[in-house]
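Worksheet: one structure, shown below.
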Amino acid sequence: QVQFVESGGGLVQPGGSLRLSCTASASIDSIYGMAWYRQAPGKQREIVASIASGFTTYYGDSVKARFTISRDNTKRTLYLQMNDLNPDDTAVYSCGILGSTAWGQGTQVTVSS
């Protein structure tokens with residue numbers, strides 16, 4: 001089973017940017033849909049964005065126009081560029097196969113002044 005390792009999280013001020021990476025343990029060429037999820041303290045996990053192998057994308061309403069998802073199959077890596085971050089974006093971000101519960105350990109994103 002493919003495993004995922006996320007990186008790139010950290011502490012950032014409101015209005016700042018971060019780029020998250022998610023590297024798979026094996027080829028992702030045959031994986032149709034991949035997604036980023038997040039879970040804030042006391043809240044349910046929610047999907048942030050997804051991307052299909054044909055590069056069709058989906059974004060949650062709260063991140064549209066601020067976040068960009070991309071994938072590089074040659075590097076077995078999924079990315080999430082996050083701009084104009086605000087405190088409501090604070091959460092653990094994890095990645096995985098769209099529709100699956102096999103996520104990585106996650107990376108903490110904290111937006112605070």
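The values are calculated or read from the model by the stated rules, or taken from the named source; none is laboratory data. Source: prediction; values computed, not measured. With ideal geometry, Cβ positions are generated from the backbone for all residues, glycine too; neighbour counts draw on all protein chains shown. Side chains are part of the model used for accessible areas, which takes the heavy atoms of the whole protein and leaves out ligands, DNA and RNA. Shrake-Rupley method; radii C 1.70, N 1.55, O 1.52, S 1.80 Å.
Structure above, values below:
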item: Rg over Rh [alpha-carbon atoms, Kirkwood Rh] for segment 53-113; result: 0.96
item: Cβ-defined net charge surrounding Ala40, 10 Å radius [Lys, Arg +1; Asp, Glu -1]; result: 0
item: The chain - accessible surface per residue (Å², probe 1.4 Å); result: 53 Å²
item: Sulfur and carbon atoms: percent of accessible area, the chain [1.4 Å]; result: 48 percent
